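J.: I have a structure here, written as structure tokens, and I will follow up with some questions on it.
The values are calculated or read from the model by the stated rules, or taken from the named source; none is laboratory data. Since the structure is predicted, the reported quantities are computational estimates derived from the model, not experimental observations. Glycine also receives a Cβ, built like all others from the backbone with ideal geometry; neighbour counts cover every protein chain displayed. All accessible areas refer to the heavy atoms of the entire protein, side chains included, with ligands and DNA or RNA removed. Shrake-Rupley method; radii C 1.70, N 1.55, O 1.52, S 1.80 Å.
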Amino acid sequence: MSHQALARKWRPAAFAEVVGQDHVVRALSNALDQDRLHHAFLFTGTRGVGKTTLARILARCFNCEQGPTSQPCGECVACREIREGRHVDLLEVDAASQTKVEQTRELLENAQYAPTRGRFKIYLIDEVHMLSRSSFNALLKTLEEPPGHIKFLLATTDPQKLPVTVLSRCLQFNLRSLPAEQIRDQLRRVLDGESVAADDEALWRLARAADGSLRDALSLTDQAIAFCDGRLDSAGVRDMLGTIDADVPWRALERLAAGDGEGLLQLADAASAQGAHFESLLEEIAECLHRVAVRQAVPEYAAARTGADPREETLAASLPAEEVQLLYQICVAGRRDLPLAPEPRLGAEMTLLRMLAFLPAESADSVMPAAGGEPAAAPKKKTAERGAGVTVAIPAAPPQPAAPAPESSPAAAPTPPAPAAKSAGPAPAGTPGGSASGPAGEAARAWLELHPRLELQGVSARVVSECGTRVCTPEQVTLVVPPAHAALLNDTRIGEIRAAIRQALGRDTRVETEVSDAGICSPAGEARRIAALRKAEAVAALERDPVVRALRDQFGAQISMDTVRSVTDS
């Protein structure tokens with residue numbers, strides 16, 4: 001017996017076998033069971049989701065000798081002939097090849113005559129949107145007032161092209177694209193029935209490549225069985241599809257977070273050597289960024305999701321949420337622009353380099369574990385970022401600690417250093433943010449030491465970073481919440497914060513919150529203060545740099561100091 005394609009062999013023969021279109025099956029089954037049979041049905045949706053299959057099942061339901069019924073017997077003459085495509089009263093028309101009005105008129109000439117053998121004469125018109133305007137006009141009269149023995153089953157991938165006069169005379173059923181998970185599960189059932197072994201990653205790749213079409217998935221599976229010599233493994237399916245190893249996009253993001261441009265280009269070289277499509281490379285990176293963003297915004301959902309990669313959590317903690325969004329946007333735009341690039345590889349490499357260029361230098365300084373588990377190398381020197389198209393390297397200089405303030409000194413706001421200052425470091429531990437010592441200063445110090453130990457994510461972590469403290473002891477922590485952030489606190493987040501503080505301190509600490517706009521020392525505010533001082537140091541270094549002075553003197557160049565940032569060594 002000759003081989004039959006999986007898409008034909010496993011085509012559903014009854015409503016119970018249809019996958020992913022429960023909303024359509026339910027409506028049709030109820031209409032048949034209640035004998036509420038309309039004369040015209042329109043099935044719409046993308047390719048390979050079951051439009052023609054549902055129409056043929058419905059034709060069997062109409063003409064089954066036990067019907068009309070939602071469960072045709074499959075054994076009577078009508079059911080067998082419709083399944084085999086030779087029923088005399090089922091007229092299947094491909095509108096793409098019969099667009100002329102003469103052909104439509106010829107088709108409808110016999111509509112007035114009773115069916116030869118079945119209960120109904122059924123017209124199944126596929127890709128009906130391809131009919132000409134004259135053909136629609138010829139069809140319209142019969143569609144509007146058909147004889148009682150006529151049923152119209154129309155299918156199209158583009159319902160917008162149908163005249164509204166036709167749409168208004170049909171019951172319209174919109175078929176959905178199938179999610180990859182549902183396609184994967186159906187492929188597993190098909191391969192079990194075919195006694196073909198396959199690993200989960202191979203099925204997942206086939207399901208994603210099908211892009212919502214079960215027919216496409218079955219056709220790809222047929223091809224994969226031949227390509228992999230009878231057993232579907234992830235490496236073989238990856239080679240057939242031209243996709244990349246699942247580890248590559250995560251390694252690319254690790255190189256990106258570490259500021260390793262050379263490593264990024266080496267990954268592109270490796271992907272090219274594997275014959276991977278660069279569009280696939282950018283798609284995979286974008287999907288990984290989406291997973292990281294979900295982990296940051298809704299950690300509970302991400303933790304419960306199957307197939308999570310352990311590197312999601314590491315990247316989510318290393319890259320700020322707004323930078324993840326920026327990188328995702330660059331990646332998606334780069335994939336869209338690949339056809340405009342001189343070569344796909346050049347377009348992909350430029351996208352990766354653009355992501356690297358727009359990633360703030362502070363993120364590139366973060367120590368990220370590389371693919372082998374070793375910390376990624378950090379940049380070797382500070383860089384004052386671009387101003388007027390000029391990038392100037394500044395030798396790294398460790399910040400010098402300021403002299404401790406006397407115990408009795410009043411609170412004083414920090415002042416930026418003069419341009420000639422050697423360095424500007426953080427305030428001494430006893431006076432965070434320049435505040436006075438004493439109970440308030442001790443509470444602030446204790447809070448700044450406690451905050452990094454809190455295991456919080458998402459909104460709770462951001463709110464806590466803006467909070468100060470009035471009391472911070474093992475027995476009690478009183479958080480002072482700025483009014484601008486108070487609206488973000490609800491019972492759930494307060495509970496998360498309380499649990500994190502107690503876990504960090506290792507005891508049942510009493511945790512209270514109060515809202516105040518009084519001057520407080522918050523971890524985020526302290527970080528901003530230190531960043532401002534380091535920026536002032538970088539500005540001063542630029543002002544002293546002989547190259548910058550020469551550019552100004554000889555060419556009248558100007559540097560936008562607002563864009564200058566200091567990059568500290570890791």
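J.: Calculate, in nm to one decimal, what E455 and L140 gain on full extension: separation in residues at 0.36 nm each, minus their alpha carbon distance.
T.: Details: separation 315, 0.36 × 315 = 113.40 nm, distance 6.70 nm.
Full extension from E455 to L140 adds 106.7 nm.
J.: How far apart, in nanometres, would the label points at R354 and A317 be if each is projected 7 angstrom from Cα along the Cα-to-Cβ direction?
T.: So the two model labels end up 3.2 nm from each other.
J.: Continuing with this model, one more query. FRET efficiency for Q160 and E262, Cβ-Cβ distance as r, R0 = 60 Å, nearest 0.05?
T.: Step by step, r from the Cβ atoms, then E = 0.75.
J.: Right, here's the next one. Please work out whether segment 172-263 counts as rounded, prolate or oblate from its C-alpha gyration tensor, where a ≥ b ≥ c are the square roots of the eigenvalues and a/c under 1.5 means rounded, while otherwise a/b larger than b/c means prolate and anything else oblate?
T.: Verdict is oblate for segment 172-263.
J.: Here is a further query. Express in nm, to one decimal, how much length is gained between S516 and T46 on full extension, taking 0.36 nm for each residue of separation and deducting their alpha carbon distance.
T.: My answer for the length gained is 163.6 nm.
J.: Right, next: Can you tell me the accessible area per residue over segment 487-570, all protein chains present, probe 1.4 angstrom, in square angstrom?
T.: 60
J.: Which percent of the accessible heavy-atom area of segment 122-197 goes to carbon and sulfur, probe 1.4 angstrom?
T.: Whole-percent figure for carbon plus sulfur exposure: 46.
J.: Right, something else. Extending each Cα 7 Å along its Cβ direction at A499 and L37, get the distance between those two points in nm, one decimal.
T.: It works out to 5.9 nm between the two label points.
J.: Starting from the Cα gyration tensor of segment 442-486, take the square roots of the eigenvalues, sort them a ≥ b ≥ c, and report rounded, prolate or oblate (rounded when a/c is under 1.5, otherwise prolate if a/b is larger than b/c, else oblate).
T.: Oblate, since a/c reaches 1.5 and b/c is not below a/b.
J.: Shifting gears a bit: So what is the accessible area of segment 235-352 per residue, in Å², with the probe set to 1.4 Å? List each step's numbers first, then the result.
T.: Working: 5340 Å² over 118 residues.
For segment 235-352, the solvent-accessible area averages 45 Å² per residue.
J.: Something else about it: For D89, D22, D222, D94, give the ranking by accessible area with the largest first, probe 1.4 Å.
T.: D22, D94, D222, D89
J.: Past 20 Å, Cα to Cα: identify those pairs from K121/K141; K100/K161; K100/K151; K9/K121; K100/K121, in the order given.
T.: K100/K151; K9/K121; K100/K121
J.: Could you tell me which of rounded, prolate or oblate describes segment 57-214, using a ≥ b ≥ c as the square roots of the eigenvalues of the alpha-carbon gyration tensor, with rounded for a/c under 1.5 and, failing that, prolate when a/b is larger than b/c and oblate otherwise?
T.: Here segment 57-214 falls in the oblate category.
J.: Then there is this: How many nm separate the modelled label positions at C73 and D491, each set 7 Å beyond the Cα in the direction of the Cβ?
T.: Rounded to a tenth, the inter-label distance reads 6.2 nm.
J.: When you count, for each residue, the other Cβ atoms within 10 Å and take the mean per peptide, how do 191-198, 131-138 rank with the highest first?
T.: Ranked by mean Cβ neighbours within 10 Å, highest first: 131-138, 191-198.
J.: Take the Cβ-Cβ distance between Q476 and E300 as r, set R0 to 41 Å, and report the resulting FRET efficiency rounded to the nearest 0.05.
T.: Once rounded, the FRET efficiency stands at 0.90.
J.: Next question. Residue separation times 0.36 nm, minus the C-alpha to C-alpha distance between D22 and A111: what's the value?
T.: Between D22 and A111, full extension yields an extra 28.8 nm.
J.: Could I ask something else about it? Towards the positive end of the charge dipole of segment 253-358, with charges on Cβ (+1 Lys, Arg; -1 Asp, Glu), say which of Q274, Q325, M350 has the farthest Cα.
T.: Towards the positive end, the residue furthest out is Q325.
J.: Then there's this: Count charges around A486 for me, please; just the other residues with Cβ under 15 Å from its Cβ, Lys/Arg as +1, Asp/Glu as -1. Can you show the working numbers first?
T.: On the way: positive: R462, R493; negative: E466, D491, E512, E514, D517.
Residues near A486 contribute -3 overall.
J.: Over segment 125-234, with the other protein chains present, what is the accessible area per residue in square angstrom, probe 1.4 angstrom?
T.: That works out to 47 Å² per residue.
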